[in-house]
Amino acid sequence: MSKLRRSMLFVPGANAAMLSNTFIYKPDSIMFDLEDSVALREKDTARMLVFNALQHPFYQDIETVVRVNPLNSEFGLKDLNAVVRGGADVVRLAKTDSAEDVIAMERAIIEIEKACGREVGSTKLLAAIESARGINNAVEIAHASERLIGIALGAEDYVRDIRTQRSPGGTELLFARCAIIQAARAAGIMAFDTVYSDVNNEQGFLNEAEHIKQLGFDGKSLINPRQIELLHNVLAPSQAEVDHANAVIEAAEEGAKQGLGVISLNGKMVDGPIIDRARWTLQRAQSGIKQ
Ligand SMILES: CC(=O)SCCNC(=O)CCNC(=O)[C@H](O)C(C)(C)COP(=O)(O)OP(=O)(O)OC[C@H]1O[C@@H](n2cnc3c(N)ncnc32)[C@H](O)[C@@H]1OP(=O)(O)O
Ligand SMILES: O=C([O-])CC(=O)C(=O)O
Ligand SMILES: [Mg+2]
């Protein structure tokens, strides 16, 4: 079973209090941020705080992702050094516009891994696409490095770039979301949706979570711990789905004994993709059932 990455919680890198206790909320991944949530005058402090947090025992049993500043900024290479040496599992590239951005980041990581004795290839990458140009290049970006665990949408920057704003139904993001899903699946990597910024709007968050589940995303970037359980519950299969998946597997096994490739269950066709889907539902159920 591939690693679960339903919830990836952003934590502002300069916020010492949040850095010291975020692990208690148990998101699937913690995403320390050195980029847009950190003020310019706090960049150096944030880098040091995140470097220390990465090495703390509390963060050894949870996946750590760090969003670094772009390499062409004055902070990018310093961030990368701290993050790779600190032992982050994954580096998140912000504002990825092209495959070259990923390749440049990979080259820089290789140098640092060699210099600090970290196994070459052990630092994974996650590319966030946040512009029209990036969406146009999503396929190349998704294939740009063996280190990529996935690609993600960054919608706040994206809507600014295409000159609109986010709406409750997300019409303005449909093209970008589908482009990301398509590119990720074709490359065999994961797809992550963007943050929902209206923190106190629980119903709006739930609607968006249902929408991105239907589109096929593996998970979503989050900005607040209250969003974690809500998201996990939306992404979990219901008891009825689990019961149906078990019935499909049983019927498929019975059909296989009789040498049948396609069978009927309660008047509905069951064949290869439907059986695969049932197995996937049962795998997801191991992490919880919808309440
Ligand atoms: C467009 C982008 O780039 S998005 C990515 C960058 N942005 C971020 O990282 C923002 C992360 N989120 C936050 O900073 C905050 O959640 C805010 C500012 C959005 C809302 O803050 P608040 O209104 O204080 O949140 P809330 O009242 O729900 O906080 C409850 C508790 O959760 C903690 N908390 C809130 N957000 C986070 C977080 N992202 N990570 C860890 N802990 C958090 C608070 O410190 C508080 O803890 P306490 O009870 O021990 O005092
Ligand atoms: O990647 C995200 O979801 C957050 C972000 O930077 C954006 O929306 O611009
Ligand atoms: Mg952004």
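Quick note: the coordinates plus some simple rules give every number you see, no bench work behind them. From a predicted model like this one, the values you see are computed outputs, not experimental measurements. Reconstructed Cβ throughout: ideal geometry from the backbone, glycine too, with neighbour counts over all protein chains shown.
Please list, ordered by chain and number, the residues whose modelled amide H lies under 5 Å from the amide H of ALA152; skip anything fewer than 5 residues away on the same chain.
ALA127, ALA128, ILE129, PHE192
Among THR194, GLN182, VAL38, which residue has its Cα furthest toward the positive end of the charge dipole of the chain, with +1 on Lys/Arg Cβ and -1 on Asp/Glu Cβ?
VAL38
Longest segment of the chain with no trypsin sites (Lys or Arg not before Pro) in a DSSP loop having at most 13 other Cβ atoms within 10 Å? Spell out each step's value before the answer.
Working: sites that count: LYS3, ARG163.
For trypsin sites (Lys or Arg not before Pro) (loop position, at most 13 other Cβ atoms within 10 Å), the longest site-free span of the chain is 4-162.
Please report, for the Cα atoms of region 1-148, the Rg to one decimal and the Dmax as a whole number; what are they, in angstrom?
That works out to 14.5, 43 Å for Rg and Dmax.
Search the structure for amide H atoms under 5 Å from the amide H of LYS220, placed 1.01 Å from N in the peptide plane, and list their residues when 5 or more places away or on another chain.
SER7, MET8, ASP193
Among the listed pairs LYS124/LYS213; LYS26/LYS78; LYS3/LYS26; LYS213/LYS290; LYS78/LYS114; LYS95/LYS220, give every one whose C-alpha distance is greater than 19 Å.
Values: LYS124/LYS213 24 Å; LYS26/LYS78 29 Å; LYS3/LYS26 15 Å; LYS213/LYS290 13 Å; LYS78/LYS114 16 Å; LYS95/LYS220 17 Å.
Pairs exceeding the cut-off: LYS124/LYS213; LYS26/LYS78.
Which listed residue (ASN15, SER145, ILE274) has the Cα farthest towards the positive end of the charge dipole for the chain, taking +1 on Lys and Arg C-beta and -1 on Asp and Glu C-beta about the Cα centre?
Going by the charge dipole, the pick is ASN15.
On alpha-carbon atoms, Rg over Rh for region 146-270 using Kirkwood Rh?
Values: Rg = 18.6 Å, Rh = 17.0 Å.
On the Cα set of region 146-270, Rg over Rh gives 1.10.
Nothing charged except the Cβ atoms of Lys and Arg (+1) and of Asp and Glu (-1): what's the magnitude of the dipole of region 6-143 about its Cα centre? Round to the nearest 20 debye.
Numbers: 15 positive and 20 negative charges, 48 e Å.
The dipole magnitude comes to about 240 debye.
Over all directions, what mean area does the Cα convex hull of the chain project, stated in square nanometres? List each step's numbers first, then the result.
Values: hull surface 67.6 nm².
So the Cα hull casts an average projection of 16.9 nm².
Please list the radius of gyration and Dmax for region 1-40, considering alpha-carbon atoms only, with Å as the unit.
Answer for region 1-40, Rg first and Dmax second: 11.5, 41 Å.
Pop out the ³J(HN,Hα) list for region 133-138 in order, Karplus 6.51 cos²θ - 1.76 cosθ + 1.60 with θ = phi - 60°, rounded to Hz; leave Gly and Pro as x.
Working through the residues one at a time gives 4, x, 5, 4, 9, 4 Hz.
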